[in-house]
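Please read the structure below before turning to the comments.
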Amino acid sequence: MSSADNLSVLVVGAGFGGLACAIALAKRGIDVRVFELAEDLTRQGKELYVKGITRLCIDLNVGDVIMVGSNATRIISKWGGGLMDEIWKMAAQPSTLKIKDKSGKILLEQPLANDFDGYPNIYTNRTKLQNLLYRHALELGVRFTFGARVTDYFENDTEAGFSLNGARHSADAVLIGDGVHSKGRSFLSGIPEKALKSGFAVYRSWFPLDNLRRSDLTRQFADADEDQFAIWIAEDTHAILTTNVKQQSCTCFATHKDLTDIEESWHLKGSVDDMLDVVDGWDPVLREIIRSIPPDDLIDHKLLWRNPNKKWVSGRGRIALVGDAAHPHLATSGNGGAQAIEDGATLATLITRAGRHEIPIALRAYERLRFERTSLTQRMGWETRHRWHQTDWEAVAANPEFLKFPQPEWLNGHDAEEYAAAHLDKVIEHLRNGSPFQSSNIPAGHVHKDWTIEEMMAREGQKADASFYQVDN
Ligand SMILES: Cc1cc2nc3c(=O)[nH]c(=O)nc-3n(C[C@H](O)[C@H](O)[C@H](O)COP(=O)(O)OP(=O)(O)OC[C@H]3O[C@@H](n4cnc5c(N)ncnc54)[C@H](O)[C@@H]3O)c2cc1C
């Protein structure tokens, strides 16, 4: 097998996918350069919309929460360098998820797994996590170019790259992690793509826990020693509260029906009054939490996405999509960032093992190893939301566990790096000779079936029979 000697890779986008690729590749001695659209990674959501800088408005890294599953912390922990310790210093780890109806009645108290194999499931601030990853990448010698809008890709049999402001950049491979609105995806498919409406938007906020101390109704959350995680569910809407004791902060989200034209805005300032309207008549505690959101710290984030995309790799095999560019996730999967990190670990393993001349087969192996798993985790976002939004109260009464947020072993207990190393030879044989290859990073016995957003949207508002749910929660 070949080594990483003199291999070079260009990464587009410094989100979780791009940064994971950069770190994992650099750790294996590969020369990595990252090109990021934003001017830097320090600007928070508030600044994005207050300044009205449209160039930054597609940046998801506003100050809010991200759940980092143990399938991602397993990878991050192995990167070493004290990174996981730094992340842990600001992490929350609620022990229970309380799922309530809109009146505030608890329907289910779900114990949450702290860890899988000692690798924690944590909740933290998205921007701070991104910046810790960025700093770690810098320490590994990764070079960054900010303010770079990359769109103009090329490849031949020996290299791939792009033109940027008149300069030509090339390397052995290009990994495109340019997010849900990916331009790289259009380059690979040859079709200018349009974002599809998911039909929903999310009010999102991250604000000081102190604000919850102001009212008798909400003080319980601020004074609790333990991190809190609560969800209120009803028809077509759910609201979430998370608290982070170490950071003395909290988040409140409300996912709601959104019928506005997607062209209007992808990232709007939200209004507390509008957010209150979507939970009109709901639990007074939730409404008080929403009233305590500072007006300038609320975003109404349109949930847009595309159908599962099967083409992650370019014709000559030197360019691949990673993260949401390859597999856009809904927030309710709670796993899009973690899957992007799994992509990085997988690619670094495969590229290093394959070496320069075999990059095309390494990238195709990546697509084959990852597609079925991420198609399912993408779908999981829809299924979880469906369980909460359709409010099948009969199913809930018969079995409150119906509402559980999934944390299955096949997902959280997975080691993407080890899986890639263990299956590389077999998957290459499969790609070259058509020998059988069965994914084992999906639930045992699961048979992959393609699905579309249109199919999922058609089930909105309907009760679903057991065959609808492909992810066992
Ligand atoms: C409301 C919400 C909540 C979520 N909660 C969770 C959660 O709890 N846990 C979880 O695991 N996932 C969660 N997700 C999903 C997760 O945020 C995404 O799956 C993840 O951010 C994908 O990472 P990425 O690197 O592919 O894309 P992004 O994080 O979007 O990064 C893409 C980067 O590419 C840059 N870029 C874009 N275009 C260009 C260009 N042309 N040239 C150069 N750079 C470019 C962008 O500026 C950005 O920095 C949530 C998503 C949403 C919307």
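The values are calculated or read from the model by the stated rules, or taken from the named source; none is laboratory data. Please read these numbers as outputs of a predicted model, since none were measured by experiment. Quick reminder, even Gly has a Cβ in these numbers, built from the backbone with ideal geometry, and neighbours come from all protein chains shown.
Assorted remarks:
- Output for segment 360-378, where each listed residue is buried (at least 23 other Cβ atoms within 10 Å of the Cβ) and of a type in the set (K, R): R370, R373
- Pair list, Cβ < 6 Å and 6+ apart or interchain, from segment 372-383 residues that are in contact (Cβ under 8 Å) with a residue 24 or more places away in the chain to residues that are surrounded by 23 or more Cβ atoms within 10 Å (Cβ to Cβ) and of a type in the set (D, E): none
- Filtering segment 297-337 to residues that are more than 21 Å from the chain's Cα centre (by Cα), away from the ligand (no atom under 16 Å from the Cβ) and among the charged types (D, E, K, R) leaves R316, R318.
- Residue in segment 154-161 that is without any contact (Cβ under 8 Å) to a residue 24 or more places away in the chain, within 16 Å of the ligand (Cβ to nearest atom), in contact with a Ser or Thr (Cβ under 9 Å, 6 or more places away or on another chain) and not in a loop (DSSP other than H, G, I, E, B) present: yes
- Among the residues making up segment 164-189, those that are over 20 Å from the mean Cα position of the chain (by Cα) and assigned to a loop (DSSP other than H, G, I, E, B) are N165, G166, D172.
- Residues satisfying the stated conditions in segment 404-421, i.e. at pLDDT below 90 and hydrophobic (A, V, I, L, M, F, W, C): F405
- Cβ-Cβ distances below 6 Å connect the following pairs, each with a first residue in segment 179-197 that is in contact (Cβ under 8 Å) with a residue 12 or more places away in the chain, a second residue that is assigned to a helix (DSSP H, G or I) and more than 13 Å from the ligand (Cβ to nearest atom), and a separation of six or more residues or different chains: L196/I453.
- All conditions but one from (1) surrounded by 13 or more Cβ atoms within 10 Å (Cβ to Cβ); (2) in contact (Cβ under 8 Å) with a residue 60 or more places away in the chain apply to S440; the one that does not is (2).
- Spans of strands (runs of 3 or more DSSP E) in segment 190-296 with at least 2 residues within 19 Å of the chain's Cα centre (by Cα) and over 27 Å from K404 (Cβ atoms): 196-208
- Test: D296 is in contact with a strand residue (DSSP E or B) (Cβ under 7 Å, 6 or more places away or on another chain), over 30 Å from A171 (Cβ atoms), in contact (Cβ under 8 Å) with a residue 12 or more places away in the chain and among the charged types (D, E, K, R): no
- All positions within segment 392-414 that are over 12 Å from G334 (Cα atoms) and either of a type in the set (A, V, I, L, M) or surrounded by 20 or more Cβ atoms within 10 Å (Cβ to Cβ) (or both): A395, V396, A397, A398, L403, H414
- Residues of segment 62-96 classified as surrounded by fewer than 23 Cβ atoms within 10 Å (Cβ to Cβ) and more than 13 Å from the ligand (Cβ to nearest atom), total: 17
- Positions within segment 100-116 being part of a strand (DSSP E or B) and out of contact with any Pro (no Cβ under 8 Å at 6 or more places or on another chain), in sequence order: K100, D101, I106, E109, Q110, P111, D115, F116
- Residue within segment 14-35 that is farther than 30 Å from D225 by Cβ, within 12 Å of the ligand (Cβ to nearest atom), assigned to a loop (DSSP other than H, G, I, E, B) and at pLDDT 95 or above present: yes
- Here is the figure for segment 250-276: residues that are in contact with a helix residue (DSSP H, G or I) (Cβ under 6 Å, 6 or more places away or on another chain) and modelled with pLDDT of 90 or more total 6.
- Each residue in segment 438-471 was checked for being at pLDDT below 90, of a type in the set (S, T, Y) and either in a loop (DSSP other than H, G, I, E, B) or in contact with a Leu (Cβ under 8 Å, 6 or more places away or on another chain) (or both), and 2 pass.
- For D236, the test of being in contact (Cβ under 8 Å) with a residue 60 or more places away in the chain, more than 16 Å from the ligand (Cβ to nearest atom) and out of contact with any Pro (no Cβ under 8 Å at 6 or more places or on another chain) is passed.
- Residue pairs meeting the criteria (Cβ under 6 Å; at least 6 apart or on separate chains; first under 22 Å from N335 (Cβ atoms), in segment 7-31; second away from the ligand (no atom under 16 Å from the Cβ)): I23/W79
- Number of positions in segment 330-348 that are closer than 20 Å to L196 by Cα and among the β-branched types (V, I, T): 1
- Qualifying residue in segment 149-160 (condition: crowded, with 22+ Cβ neighbours inside 10 Å, touching an Asp or Glu at 6+ places or on another chain (Cβ under 9 Å) and not basic (K, R)): yes
- Any hit, segment 101-108, residues being within 14 Å of the ligand (Cβ to nearest atom) and buried (at least 17 other Cβ atoms within 10 Å of the Cβ): no
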